[in-house]
1. Which residues among the stretch 24-44 fall inside the zone where the amide N is under 14 Å from a point 7 Å beyond the Cα of residue 18, along Cα→Cβ?
2. In which sequence would 100, 30, 3 go, from the one with the fewest C-beta neighbours within 10 Å to the one with the most?
3. Report the gain in length on full extension from residue 134 to residue 52: 0.36 nm times residue separation, minus Cα-Cα distance, nm rounded to one decimal.
4. Determine the gain in length on full extension of the stretch residue 99-residue 43; use 0.36 nm per residue of separation and subtract their C-alpha separation, reporting nm with one decimal.
5. Length gain on complete extension for the stretch residue 143 to residue 1, per 0.36 nm per residue less the alpha carbon to alpha carbon distance?
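Only the coordinates and a few stated rules stand behind these numbers; no lab work does. No experiment lies behind these values; they were computed from the predicted model shown. Quick reminder, even Gly has a Cβ in these numbers, built from the backbone with ideal geometry, and neighbours come from all protein chains shown.
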Amino acid sequence: MTDAEFSERLTAMRETLYRVSYSRLSQGCDRDDAVQETLLKAWDNRHRLNEERYMQTWVVRILINECGNIHRRRRRETPLGDVPADSRTAPPDSDIELHDALFRLREPLRLPIVLHYIEGFRVREIADMLRMPQGTVLWRLSKARKELSKLLDEGEIRSSCVKTV
């Protein structure tokens, strides 16, 4: 793959990267930092990509690692009393109740849901990204769907987006 093709594919992934970072980081500035650092690391290490077909999985894995780095830095930097309010607001055209329920899930359950249902990754790809067995990903998807259904039912909300197994 040429540098121009790599750059083009990387640029095309920006929306996906922002959505994945949105599921992991609450502050907009942290999400921006994570995506920018991911793009830089991917570009600097483009020669390490063994197979072109796994580029998106590889870049999302870099992003997940970068989000973890930001979490660790924030834990060391931010005094507990100065924690800013969560800046996640639902996009204008989204289902607000579903959005809020999704972000009430714990992050280990939320990320597979975002990667699978919003970004369209297959279970095998998610397992590679998160470095866990496929069975664990399937379990987390199932658990997250059940918790989402429960959260949505508590609010008397019915959503066609939540499927039960």
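1. Answer for the stretch 24-44: 28-36.
2. Ranked by crowding around the Cβ, least crowded first: 3, 100, 30.
3. 27.3 nm
4. Details: separation 56, 0.36 × 56 = 20.16 nm, distance 3.22 nm.
Gain in length upon complete extension: 16.9 nm.
5. Numbers: separation 142, 0.36 × 142 = 51.12 nm, distance 3.92 nm.
Gain on stretching residue 143 to residue 1: 47.2 nm.
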